[in-house]
Amino acid sequence: MTFISKESKPQEKLKAWYLFTDDFIAGTQHLSSQSVGIYIRLLCWNWNKKCQGIPINPETIYRIANCFSEGEKKSCDEVIQEFFVRVNSHYQNERQLQEFLFITKRIEASKVNGRLGGRPKKPSQNPPTLTTTPTIKPKPKNKDTFPLFWQKISNKVSKGIAEKNYKKLSQEWLDKPEELAELYNRYFNSVEDKKYAKQVGFWLSAKKYEDEEAKIESASGEVYPLRLKVLKKAIIDKETSSFITSFANQNFPDVQRAIKEGEFSKEDAVKYFNLGNRL
């Protein structure tokens, strides 16, 4: 037999009673309006008492159901007999008691959820997929190769400018500082008058290391004979022009070398190349 304990009773008064109308109408069609009224009054009283049950004392039951005449008392007895069961010293309606227990559980669950911060979420039909967050490794810093480059440079002038322009180079050149230093040293050694040689910082800025002409010049000196041919031809042809003057000034170390090696005289260089201010 269904029984309700004190521990299951809610502390506050229940404000509503759920009446399943379809079931109620179907189950009471055979009753008179008087009997239906008695039945509802008994159910309401029991609900207000937190389903403690209706006392088995007949006079108490009649008073609860508001039955005074013999006919009303008889109808009340019939309702108790049909719709209630005795549990110890009380009568209970099993359907009402089931609803009461269900609702009190919901109330208690809501209180617990409120203390925990809200109603628990329903389990998802699509469980979450575990995704692995890739570990982002810090990008290693490029090794500073300038110290090695500078160590190999023979003409150590204006280190600050050299370092600034060196760090602007592509990674390809930063990875081979010794080769780059060798290219500069070959260039510097090929210039006879060192005061006209480019400082390493400006050599880097001009990207002379990528200049094919500079590579040929620094590697084997094959360009000098070609330039000498142009200079000597201008003297033989007695040619004086803005082109030959500009050419001679741009390749002044070659002019000096030619004079030193006796290819033409200083006077010819002054006359045809307009180099009086430099010779």
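Overview of values
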quantity	calculated
Subset of LYS195/LYS232; LYS152/LYS195; LYS198/LYS266; LYS168/LYS195; LYS152/LYS266; LYS159/LYS229 violating a 30 Å alpha-carbon distance limit	LYS152/LYS266; LYS159/LYS229
Alpha-carbon Rg with Dmax, taken over segment 146-220, Å	11.2, 33
Kirkwood hydrodynamic radius (C-alpha pairs) into Stokes-Einstein, segment 6-116, 25 °C and 0.890 mPa s, D in µm²/s	163 µm²/s
Relative packing of 187-196, 83-92, which averages over residues the other C-beta atoms within 10 Å, highest first	83-92, 187-196
Karplus-derived 3J(HN,Hα), 6.51/-1.76/1.60, for each residue of segment 184-198, Hz, glycine and proline x	5, 4, 5, 4, 4, 5, 7, 8, 6, 8, 5, 5, 9, 6, 5
Pairwise label distance in nanometres, ILE161 with LYS271, each label 7 Å out on the Cα-Cβ vector	3.8 nm
Paramagnetic reach from TRP150 in segment 196-210 [backbone N under 20 Å; point 7 Å along Cα→Cβ]	198-207
Per-residue ³J(HN,Hα) for segment 265-270, Karplus 6.51 cos²θ - 1.76 cosθ + 1.60, θ = phi - 60°, Hz, x for Gly and Pro	8, 4, 5, 5, 5, 5
Integer Hz, Karplus 6.51/-1.76/1.60 couplings in order for segment 73-90, x for Gly and Pro	5, 5, 4, 5, 4, 5, 5, 4, 5, 7, 10, 10, 10, 8, 10, 6, 9, 9
Estimated inter-spin distance, ILE40 and LYS233, nm [label 7 Å along Cα→Cβ]	12.5 nm
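Quick note: the coordinates plus some simple rules give every number you see, no bench work behind them. Small disclaimer: the values here were computed from a predicted structure and weren't measured. In this analysis, Cβ positions are derived from the backbone assuming ideal geometry, glycine residues included, and neighbour counts consider all displayed protein chains.
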